[in-house]
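Since the structure comes first, as structure tokens, the remarks are kept for the end.
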Amino acid sequence: MIKNVFTIAAVITVQLAVIKSAIAEPSQWQVKVEEPDLVISTRTVPHSQHLEVQATVNFQAPLNTIKAFFTADGECWKWQLRCSRTNIIDSTSESEKTIYVVVDMPWPIDDRDFVLNSTYSEDQTNNRLTLTLVPSEIQAPSETQVPSDLVRAYSTITYELTRQTEDNHTTLNVTMHTEFGGSTPSSLTNSLLHKELKKDLTKLMQLVRSAKANQ
């Protein structure tokens, strides 16, 4: 009997170790959208019920043409369709800012707001531009009246633009993980991640094609 108890305990210990090991590492990327110039994937990450989403976009356009759609001028980017408001609430330098963003979430999810530290860098050697957004320690912009029906969310996002060796070819890589907060089931937000990102990136692709045609 004692031997059986120890055997059962050993099996449970091994199972828990396997589960813990699985949780400690992100899962493999699962492709959700696959088109000639756009691929979007999602995966689970440790200690979160919300999926991480990743996208790769290939543009037949020079890097500077696409860079123009990532300006930090205190307005929503034209291709982020659910952004309803953006304010720069602090500016340490031209490359480091703190921004406040309100996002109009799809029904029936309550709208979210974010306070994010934005850092921009250029790697001339590798022909790469990187914009990183991380949750800020600032909880709310002091000069802005924040509507009480907004739910505070926390997002970590990286946008990386890389000029390819071919002329007028640029790749955009996006990695995004958001803790949405509130009472909305993560299954609902997870099911919408790749769909909403596809809408935004499709709009960006349209804008880039139009800008290139007008050059």
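The values are calculated or read from the model by the stated rules, or taken from the named source; none is laboratory data. Please read all numbers here as calculations on a predicted model, not as lab measurements. FYI the Cβ positions are ideal-geometry reconstructions off the backbone, even for glycines, and counts take in every protein chain you see. Protein only, heavy atoms only, side chains kept; ligands, DNA and RNA dropped before computing areas. Shrake-Rupley method; radii C 1.70, N 1.55, O 1.52, S 1.80 Å.
Condition (residue is among the aromatic types (F, W, Y), at pLDDT below 95 and farther than 29 Å from G182 by Cα) applied to segment 91-103: is it met by at least one residue?
No, segment 91-103 contains no residue that is among the aromatic types (F, W, Y), at pLDDT below 95 and farther than 29 Å from G182 by Cα.
How many residues are at pLDDT 90 or above and in a loop (DSSP other than H, G, I, E, B) if we restrict to segment 66-82?
Number satisfying all stated conditions: 7.
Going by the structure shown, is V53 surrounded by 13 or more Cβ atoms within 10 Å (Cβ to Cβ), at pLDDT 90 or above and hydrophobic (A, V, I, L, M, F, W, C)?
Yes: the conditions hold for V53.
Please find, within segment 180-191, the residue that is farthest from L63 (Cα to Cα) out of those that are loosely packed, with under 15 Cβ neighbours inside 10 Å and either of a type outside the set (G, A, S) or touching a helix residue (DSSP H, G or I) at 6+ places or on another chain (Cβ under 8 Å) (or both).
P185
Closer than 21 Å to N64 by Cβ, part of a strand (DSSP E or B) and open to solvent by 20 Å² or more (accessible area, probe 1.4 Å), is that true of T119?
For T119, the condition - closer than 21 Å to N64 by Cβ, part of a strand (DSSP E or B) and open to solvent by 20 Å² or more (accessible area, probe 1.4 Å) - is met.
Please pick out the residue among T92, T86 that is hydroxyl-bearing (S, T, Y), loosely packed, with under 14 Cβ neighbours inside 10 Å and without any contact (Cβ under 8 Å) to a residue 60 or more places away in the chain. Before you say what the answer is, go through the steps one by one.
Values: T86 fails: loosely packed, with under 14 Cβ neighbours inside 10 Å.
Every option except T92 fails the conditions.
Counting only residues that are at pLDDT below 95 and either touching a strand residue (DSSP E or B) at 6+ places or on another chain (Cβ under 8 Å) or exposed (fewer than 15 other Cβ atoms within 10 Å of the Cβ) (or both), how many does segment 192-213 have? Show your work before the answer.
Step one: of segment 192-213, the residues at pLDDT below 95 are 209-213.
Filter again for either touching a strand residue (DSSP E or B) at 6+ places or on another chain (Cβ under 8 Å) or exposed (fewer than 15 other Cβ atoms within 10 Å of the Cβ) (or both), leaving 209-211, 213.
Final tally of qualifying residues: 4.
Can you work out which of the residues in segment 73-110 that are polar (S, T, N, Q) and more than 18 Å from the chain's Cα centre (by Cα) is farthest from T184 (Cα to Cα)?
Taking the candidates together, the pick is S93.
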